[in-house]
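See below for the structure under consideration.
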Amino acid sequence: MDKMNKNKQLAINMAAQIIAFGINVCISFFLTPYIVKHIGREAYGFVGLANNFISYATIITTALNSMAGRFITISIHREEYEDTNRFFTSIIAANAVVSSVLTILAVFVLVFLDKIINVPKNILGDVTLLWALLFANFLLSLIGNVLNVATFAKNKLYLASLRNIESNAIKVVILIFAFMFFKPHIWYLGISTLVCGLYVIAINFYYTKKLLPTVKIKKQYLDLGKIKTLIMSGMWNSISKLSGTLSTGLDLLITNLFVGVSAMGTVSISKTLSTQILSVFGMIASVFAPQLTISYAKNDFEDIRQQLNSAIKLLGFFACIPVAFLYVYSREFYALWLPTQDAVLLQRLSILGAGAFIFSLSLEPLWNIFTVANKVRQSSLFLLMNACVSTLLVFILLTHTTDENMKMYIVVGVSTIMSIIRALTFLPVYGAVCLGFKWHTFFPLILKNIISVAIVSVLALGIKMLIPINSWILLLLDIALMGIGACVINYFIMLDKHEREILKNKLLMKGAKV
């Protein structure tokens with residue numbers, strides 16, 4: 001695939017991913033206020049907590065599944081089809097066994113749910129049914145997990161995005177029908193998620209047959225050696241997953257147990273914006289993973305370096321916009337979005353939760369290289385150490401205060417401090433070393449990002465003073481003006497002279513065609 005075709009495929013994949021993500025955000029944007037209003041923030045908090053419990057289970061499954069895309073993609077592009085079939089068959093069989101074991105654990109959690117966490121008695125039935133449906137979706141999706149590899153291996157992520165758009169449309173129809181014609185229940189989110197999960201499995205099976213016709217899933221291809229290879233390679237990703245859970249994945253559980261159910265709902269809402277922002281940047285970074293893996297399979301390391309440079313530049317160009325939005329506009333956003341909630345408290349928690357974004361958003365593509373090059377051990381060990389310190393500090397600090405708000409600040413803020421340390425030390429340094437760059441290669445970009453955020457934040461404050469916000473229209477107007485200003489500012493800050501010239505010429509050419 002020549003460079004022009006690579007760029008075209010990248011653009012298609014990225015556009016499709018962004019559209020799918022945007023639709024998902026819109027669903028969350030309109031549904032969350034309705035759920036909070038009609039069911040309460042306490043019930044809403046249990047949706048996030050259920051997903052956190054599922055993420056605890058993925059610590060185990062990550063060892064087997066996290067490297068599947070890498071090994072299968074490499075075997076396909078090296079035309080080692082026997083290995084491809086062995087990986088596919090072995091992963092499905094292993095996931096079926098793991099799913100059976102986790103089913104027993106899930107039943108135990110559901111039976112003793114009110115003994116494990118604090119659940120108000122009036123919503124215990126609803127919460128239990130919600131968790132049962134979400135657990136069922138996870139366990140079924142686990143068995144079909146390897147089917148996701150087809151679009152990745154062929155670098156056709158736009159197909160996966162179309163699948164996500166279709167499943168989200170199904171989710172919307174189910175939820176609108178349920179909430180319009182029946183008494184509101186939180187478990188409607190569970191049934192819609194399960195139906196969409198089954199749809200995704202079916203579509204992934206179709207894509208696998210269409211894109212990977214050489215794949216055969218047969219008993220004769222079951223290979224314990226392949227399972228061992230995946231686990232030995234992926235166990236470090238499991239440690240990284242454990243680290244992420246200790247660092248931020250325990251936020252809602254700790255809040256539930258040591259602060260209260262109401263506080264858990266507040267923390268869950270406050271994480272909405274930061275979670276969506278991190279998701280979109282992680283999603284954009286992941287678009288580069290298939291081609292990086294293909295280039296690695298062909299030992300084209302120069303192409304890997306060029307791709308990473310482009311990815312980091314791209315994310316760095318836009319990173320200041322969501323960060324400045326959180327700093328300057330999140331209070332107004334929450335006041336309009338959830339008028340019954342404490343907008344000031346939500347803003348403070350959101351800013352605390354996203355404090356590391358100034359340094360880390362633009363570097364998200366670097367996480368790909370550890371998996372592509374199968375060098376995840378060092379990163380996993382560092383992340384584990386970082387997360388253990390974070391969790392220990394949270395428990396120590398919680399014993400020194402009785403103020404509920406301060407406890408929420410501690411739960412959210414400590415993990416952010418440790419994330420800042422990670423973003424300023426290990427990620428840029430080890431990322432550079434893995435690529436054969438000088439250890440300080442990425443620090444100028446981090447500095448540019450800090451300067452960009454500072455300038456754009458001041459610009460946003462100025463715009464807000466000129467156009468005070470008291471409606472969605474004015475908020476959108478302020479954000480649009482900030483976004484335009486941010487692009488102009490980053491044209492000079494993030495791009496060098498050569499890159500500015502290329503962008504200028506492309507814009508002029510498009511203008512001439514119009």
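For region 374-400, give me each residue that is of a type in the set (A, V, I, L, M, F, W, C) and at pLDDT below 85.
Across region 374-400, the qualifying residues are VAL376, LEU381, PHE382, LEU383, LEU384, ALA387.
State yes or no: is LEU352 in the same structural domain as ILE473 (by TED's automatic domain parsing), touching a Gly at 6+ places or on another chain (Cβ under 9 Å) and over 30 Å from ARG41 (Cα atoms)?
Working: in the same structural domain as ILE473 (by TED's automatic domain parsing): yes; touching a Gly at 6+ places or on another chain (Cβ under 9 Å): yes; over 30 Å from ARG41 (Cα atoms): no.
Criteria not met by LEU352.
For region 398-421, state whether one or more residues are in contact (Cβ under 8 Å) with a residue 60 or more places away in the chain, part of a loop (DSSP other than H, G, I, E, B) and more than 30 Å from MET67 (Cα to Cα). Write out each step before concluding.
Pass one, region 398-421, residues in contact (Cβ under 8 Å) with a residue 60 or more places away in the chain: 398, 404-405, 407-409, 411-413, 415-420.
Subsequent filtering for residues that are part of a loop (DSSP other than H, G, I, E, B) retains none.
No; the residues of region 398-421 include none that is in contact (Cβ under 8 Å) with a residue 60 or more places away in the chain, part of a loop (DSSP other than H, G, I, E, B) and more than 30 Å from MET67 (Cα to Cα).
State yes or no: is ILE104 over 22 Å from ASN237 (Cβ atoms), over 22 Å from the mean Cα position of the chain (by Cα) and outside any loop (DSSP other than H, G, I, E, B)? Even if it seems obvious, please write down each step before you answer.
On the way: over 22 Å from ASN237 (Cβ atoms): yes; over 22 Å from the mean Cα position of the chain (by Cα): yes; outside any loop (DSSP other than H, G, I, E, B): yes.
Taking the combined requirement at face value, the residue satisfies it.
Please work out which residue is modelled with the highest pLDDT, limiting yourself to region 164-212 and to residues that are outside any helix (DSSP H, G or I) and either among the small types (Gly, Ala, Ser) or surrounded by 17 or more Cβ atoms within 10 Å (Cβ to Cβ) (or both). If you could, list the steps in order and put the result at the bottom.
First, pick out the residues of region 164-212 that are outside any helix (DSSP H, G or I): 182-187, 212.
Within this subset, residues satisfying the condition of being either among the small types (Gly, Ala, Ser) or surrounded by 17 or more Cβ atoms within 10 Å (Cβ to Cβ) (or both) are 185-187, 212.
Details: HIS185: 84, ILE186: 82, TRP187: 88, LEU212: 81.
Going through the qualifying residues, I end up with TRP187.
Just to be sure I understand the filter: pairs with C-beta atoms under 7 Å, separated by 6 or more residues or on different chains, first member in region 217-233 and more than 16 Å from VAL146 (Cα to Cα), second member among the aromatic types (Phe, Trp, Tyr) and modelled with pLDDT of 80 or more. Which pairs pass?
none
Can PHE53 be described as touching a residue at least 40 places away in the same chain (Cβ under 8 Å), within 21 Å of LEU224 (Cα to Cα) and in contact with a helix residue (DSSP H, G or I) (Cβ under 8 Å, 6 or more places away or on another chain)? Spell out the reasoning first.
Numbers: touching a residue at least 40 places away in the same chain (Cβ under 8 Å): yes; within 21 Å of LEU224 (Cα to Cα): no; in contact with a helix residue (DSSP H, G or I) (Cβ under 8 Å, 6 or more places away or on another chain): yes.
So PHE53 does not fit the description; no.
For ALA160, indicate whether it is within 24 Å of the chain's Cα centre (by Cα) and surrounded by fewer than 20 Cβ atoms within 10 Å (Cβ to Cβ). First the steps, then the outcome.
On the way: within 24 Å of the chain's Cα centre (by Cα): yes; surrounded by fewer than 20 Cβ atoms within 10 Å (Cβ to Cβ): no.
Against the criterion (within 24 Å of the chain's Cα centre (by Cα) and surrounded by fewer than 20 Cβ atoms within 10 Å (Cβ to Cβ)), ALA160 does not qualify.
May I ask you to list the residues in region 374-383 that are in a helix (DSSP H, G or I), crowded, with 18+ Cβ neighbours inside 10 Å and either in contact with a Cys (Cβ under 7 Å, 6 or more places away or on another chain) or aliphatic (A, V, I, L, M) (or both)?
LEU383, the sole residue that qualifies.
Among VAL433, VAL456, which is the only one that is at pLDDT 85 or above, assigned to a helix (DSSP H, G or I) and under 27 Å from ALA356 (Cβ atoms)?
Working: VAL433 fails: at pLDDT 85 or above.
Result of the check over VAL433, VAL456: VAL456.
Sort through ASN490, ASN449 and tell me the only one that's assigned to a helix (DSSP H, G or I), in contact (Cβ under 8 Å) with a residue 12 or more places away in the chain, within 22 Å of the chain's Cα centre (by Cα) and surrounded by 20 or more Cβ atoms within 10 Å (Cβ to Cβ).
The conditions single out ASN449.
Inside region 213-238, can you point out the residues that are under 23 Å from the mean Cα position of the chain (by Cα) and buried (at least 21 other Cβ atoms within 10 Å of the Cβ)?
LEU230, GLY234, TRP236, ASN237, SER238
Please go through region 380-397 and pick out each residue that is in contact (Cβ under 8 Å) with a residue 60 or more places away in the chain and under 22 Å from SER274 (Cβ atoms).
LEU383, ASN386, ALA387, SER390, THR391, VAL394
Matching residues to (1) in contact with a helix residue (DSSP H, G or I) (Cβ under 6 Å, 6 or more places away or on another chain); (2) touching a residue at least 24 places away in the same chain (Cβ under 8 Å); (3) over 21 Å from TYR44 (Cα atoms); (4) not hydrophobic (A, V, I, L, M, F, W, C):
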position	(1), (2), (3), (4)
VAL97	no, no, yes, no
LEU102	yes, yes, yes, no
PHE108	no, no, yes, no
LEU147	yes, yes, yes, no
TYR158	yes, yes, yes, yes
ASN164	yes, yes, yes, yes
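Output the residues belonging to region 346-376 that are touching a Phe, Trp or Tyr at 6+ places or on another chain (Cβ under 7 Å) and closer than 19 Å to LEU424 by Cα.
Scanning region 346-376 gives ILE351, LEU352, LEU361, LEU363, GLU364, PRO365, ASN368, VAL376.
If the Cβ limit is 6 Å and pairs must be 6+ apart or interchain, which residue in region 325-346 that is touching a residue at least 60 places away in the same chain (Cβ under 8 Å) and in the same structural domain as GLY413 (by TED's automatic domain parsing) pairs with which residue that is surrounded by 20 or more Cβ atoms within 10 Å (Cβ to Cβ) and not in a helix (DSSP H, G or I)?
GLU332/ILE469
Residue under question is ASP126, and the condition is that it be in a helix (DSSP H, G or I), of a type in the set (D, E, K, R) and at pLDDT 85 or above; does it hold? Spell out how you get there, then give the answer.
Values: in a helix (DSSP H, G or I): yes; of a type in the set (D, E, K, R): yes; at pLDDT 85 or above: yes.
In short, yes.
Which one of these does ASN148 not meet: (1) under 18 Å from SER28 (Cβ atoms); (2) within 19 Å of the chain's Cα centre (by Cα)?
(1)
The values are calculated or read from the model by the stated rules, or taken from the named source; none is laboratory data. Just so we're clear, the structure is a prediction, and the values are computed from it rather than from any experiment. Here Cβ is always computed from backbone atoms with ideal geometry, including for glycine, and neighbour counts include all displayed protein chains.
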